[in-house]
Amino acid sequence: MARTTIEWTECSWNPVTGCSKISAGCEHCYAERMAKRLKAMGQPRYRNGFNVTLHEDIVELPLHWRAPRSIFVNSMSDLFHDEVPDSFIDSVLKTVRKAEWHHFQLLTKRAERLVAIDRVVDWPNNAIVGVTVEHRDTRDRIEALCSTEAPCKFISFEPLIGPVGKIDLRGVDWVIVGGESGPGARPMEEAWAIEIKQQAESLGIPFFFKQWGGFFKKRRGRLLEGREWNGRPRELVRG
């Protein structure tokens, strides 16, 4: 099992590694930095660096993890990248469906591919499907996500590098906000995060504030308006 420090999940599973930049939020991609480092260290799964690489040998890996977990699918890639065949996406979703004791979080910036896949896929009930929205110019990804039949939907506003303005969150089950981290991180303004939080709260949508970001993100903490916000959809609440 690959443990992760990502606050809104428990572990990651990367049947695909590598990606390519498609919007402003990709500029300082943490996965790209990590992939280059792992390649330099001789890690065999990153022999291709950040080029898209399929790892068929670990497609069924979560079936061997017996304790229930929240699993982030492809923290080092995007399952819906155009270099990932439909057949491979289908094999990943078959594993998700079989591993019914886990919850899987699938996050993408490629909303158009998500919509195309939705026409032919039967989403597993334990899949939580989301899109990344970095600023107002990528708000159309929300509408695309909400047009799908995914049983549980979430929006990750991370890295939040600009205001998003008024958004339609009807049909969304979870909202995450976070600033950019790492070298060259662009600042996030408090007003941007609060504007999103208020719109989520008005619809009763669980709100999760991940981080302020910045190179020294741990020094800035996770407080927004004086407190932590750890809302999760009921599917991820263990009780």
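The values are calculated or read from the model by the stated rules, or taken from the named source; none is laboratory data. Bear in mind that the values here come from a model prediction, so they are computed numbers and not experimental data. Cβ placement follows ideal geometry from the backbone for every residue including glycine, while neighbour counts extend to all protein chains displayed. Remember, those area values only see protein heavy atoms, side chains included, never the ligands or the DNA or RNA. Shrake-Rupley method; radii C 1.70, N 1.55, O 1.52, S 1.80 Å.
Here are a few things to note about the model shown:
- Residue within segment 163-182 that is of a type in the set (S, T, N, Q) and open to solvent by 10 Å² or more (accessible area, probe 1.4 Å) present: yes
- Among residues of segment 118-142 being open to solvent by 10 Å² or more (accessible area, probe 1.4 Å) and among the hydrophobic types (A, V, I, L, M, F, W, C), the one that is nearest to the chain's Cα centre (by Cα) is 123.
- Filtered by the rule that a residue be of a type in the set (A, V, I, L, M) and either surrounded by 19 or more Cβ atoms within 10 Å (Cβ to Cβ) or within 19 Å of the chain's Cα centre (by Cα) (or both), segment 67-77 gives 71, 73, 76.
- Taking the criterion of being buried (at least 17 other Cβ atoms within 10 Å of the Cβ) and of a type in the set (Asp, Glu), the only residue of segment 78-117 that qualifies is 78.
- Scan of segment 6-27 for residues that are closer than 15 Å to residue 75 by Cα and in a loop (DSSP other than H, G, I, E, B), ordered by number: 6, 7, 8, 9, 10, 14, 15, 19, 20, 21
- Among the residues making up segment 30-52, those that are open to solvent by less than 80 Å² (accessible area, probe 1.4 Å), farther than 20 Å from residue 159 by Cα and touching a helix residue (DSSP H, G or I) at 6+ places or on another chain (Cβ under 6 Å) are 38, 46, 49.
- Of everything listed in (1) over 23 Å from residue 120 (Cα atoms); (2) among the small types (Gly, Ala, Ser); (3) open to solvent by 10 Å² or more (accessible area, probe 1.4 Å), the single unmet condition for residue 18 is (3).
- Extreme residue, surrounded by the fewest Cβ atoms within 10 Å (Cβ to Cβ), among residues of segment 191-208 that are among the polar types (S, T, N, Q) and under 18 Å from residue 162 (Cα atoms): 198
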